[in-house]
């Protein structure tokens, strides 16, 4: 698994987030277990993708990492500095080093401000106070993301979805961050525009050495853009591997089912691949299963799965949260069945 010798740009250690359940007959004292002990890191210039079903905790993770949500426990380190418990004043100068791109470009840009103001405000974090200088640099940034100076005085409602997301990317870049958290950044866009935005992100990464946390439900897209992939289920990482290793096979039973459902461009491969259908609904994060959280839906479950929680352990060059992954007789899924060729 890729670790590299460089110091991490971002480290997340044992991140926990619980939301109290308010109201209702049985609401008192109950909590939603959104994140439960998530540990990840990434180095400069790397893209780490996080995938999983809706409600698994991906977006909560993104918001906790950039301190839009306060984690219940755990720590977030940016370039080795713990930012988890910093107050607003102490955190302000550090925000320029880590930015976020949201899913919906229609909701993430304030309609009352021009593009020059939206992008230029981020430059204040870098101490660029002169209006003319900010405007000049905003124009350069707009050129960088494929727009131009003619967009400076326009407003978000005058732009298409793809143009708005490019503005959102320019706003993130304006602070010259080392880490950008991308929370489903292209899911609200047309397919043709998605490719343009993804290629833009890759070019910018190559040019500026930015590290991305890329959250997505599009497994084909994740294969294209990521260096490593983390699979999340009910607030926990269940598999973490290099993308090349995932192309070869996935080991956790949930990862197998997830990737077996991914569409494949080749009709022949689609006909050959085996779809794994999980039985049962995703358990409630208010009352997640004890021990292994996936055991209620796992086709390979044994008694121990309901009695003892598996650790996230090294197996064949990756990390897997499963008692049996890598053991003789445990059926790993071939790459073509994992649908990562498309």
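The values are calculated or read from the model by the stated rules, or taken from the named source; none is laboratory data. Please read these numbers as outputs of a predicted model, since none were measured by experiment. Every residue, glycine among them, receives a Cβ derived from its backbone with ideal geometry; neighbour counts consider all protein chains shown.
Worth pointing out:
- Within segment 163-253, helices (runs of 4 or more DSSP H) holding 3 or more residues that are without any contact (Cβ under 8 Å) to a residue 24 or more places away in the chain and within 14 Å of residue 47 (Cα to Cα): 191-208
Okay, residues lined up against (1) closer than 20 Å to residue 204 by Cβ; (2) buried (at least 21 other Cβ atoms within 10 Å of the Cβ); (3) at pLDDT 90 or above:
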site: 105; (1), (2), (3): yes, yes, no
site: 111; (1), (2), (3): no, no, yes
site: 129; (1), (2), (3): no, no, no
site: 135; (1), (2), (3): no, no, yes
site: 144; (1), (2), (3): yes, no, yes
site: 155; (1), (2), (3): no, no, yes
site: 159; (1), (2), (3): yes, no, yes
site: 165; (1), (2), (3): yes, yes, yes
site: 170; (1), (2), (3): yes, yes, yes
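- From the list 195, 188, the one residue that fits, being within 17 Å of the chain's Cα centre (by Cα), over 21 Å from residue 12 (Cβ atoms) and at pLDDT below 95, is 188.
Rundown of residues vs (1) touching a helix residue (DSSP H, G or I) at 6+ places or on another chain (Cβ under 7 Å); (2) closer than 24 Å to residue 309 by Cα; (3) touching a residue at least 60 places away in the same chain (Cβ under 8 Å); (4) not in a strand (DSSP E or B), yes/no style:
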| residue | (1), (2), (3), (4) |
| --- | --- |
| 22 | no, no, no, yes |
| 37 | no, yes, yes, no |
| 62 | no, no, yes, yes |
| 67 | yes, no, no, yes |
| 71 | yes, yes, no, yes |
| 76 | yes, no, yes, no |
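- The set of residues in segment 248-283 being modelled with pLDDT of 90 or more and within 15 Å of residue 236 (Cβ to Cβ) consists of 252, 253, 254, 255, 258, 283.
- Filtered residues of segment 292-321 (kept if surrounded by 14 or more Cβ atoms within 10 Å (Cβ to Cβ) and either in a loop (DSSP other than H, G, I, E, B) or at pLDDT below 90 (or both)): 292, 293, 294, 295, 296, 297, 298, 300, 301, 309, 310, 316
- Qualifying residue in segment 117-125 (condition: surrounded by fewer than 20 Cβ atoms within 10 Å (Cβ to Cβ) and at pLDDT 85 or above): yes
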